[in-house]
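The values are calculated or read from the model by the stated rules, or taken from the named source; none is laboratory data. Model, not experiment: these values are computed from the prediction. Backbone-built Cβ (ideal geometry, glycine too); neighbour counts: all protein chains shown.
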Amino acid sequence: QRYVAAIACLKKALYLDPFEWIVCYNLGLVHLLTGQHASSFHYLSASINLKPDFPSSYMLLGVCLTRLNDGDNACSAYEKAVELDPADHLFRLNFAAALAALGRTDDAKAQAREFERLFADLDAEQQASDPVVA
């Protein structure tokens, strides 16, 4: 129910300012959370077109494309996210999961090792801030 309200509110915001990249990003995120992957792809692509230097958009696009069974383009999106922010451990973790799902185990292991290295470099508070990873 809250997601429906969030989508309605964000669509109104997009109507008022159609070139606001963060609204497109948030619409992509909410649609991804509700399983509406085609809509998520649409809004995340728009967000990237409006602000191509925001790496989290590429990471979410990678998740979305993975769920749409487009592994090659998902990997391209993850590669771009990692290129823009090589220090983000979650990009590496999601990239490793996508590579493993594609059967590219050596590449997945390399990304997983990089995730572990980056995660180990975080202080205890940062590590504990993400309950899914910690």
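Across the stretch 56-75, the number of residues qualifying as of a type outside the set (Lys, Arg) and either crowded, with 21+ Cβ neighbours inside 10 Å or under 12 Å from the mean Cα position of the chain (by Cα) (or both) comes to 13. Within the stretch 68-116, being closer than 17 Å to Ile48 by Cβ and either outside any helix (DSSP H, G or I) or touching a His at 6+ places or on another chain (Cβ under 9 Å) (or both) holds for Leu68, Asp70, Asp85, Asp88. Quick check: anything in the stretch 44-55 within 29 Å of Ala120 (Cα to Cα), without any contact (Cβ under 8 Å) to a residue 60 or more places away in the chain and surrounded by 15 or more Cβ atoms within 10 Å (Cβ to Cβ)? Yes - at least one qualifying residue is present in the stretch 44-55. Arg92 meets all of the listed conditions (1) under 21 Å from Tyr43 (Cβ atoms); (2) surrounded by 18 or more Cβ atoms within 10 Å (Cβ to Cβ) but one, namely (1). In the stretch 1-31, the qualifying residues are those that are modelled with pLDDT of 95 or more and among the aromatic types (Phe, Trp, Tyr), and the one that is surrounded by the most Cβ atoms within 10 Å (Cβ to Cβ) is Tyr25.
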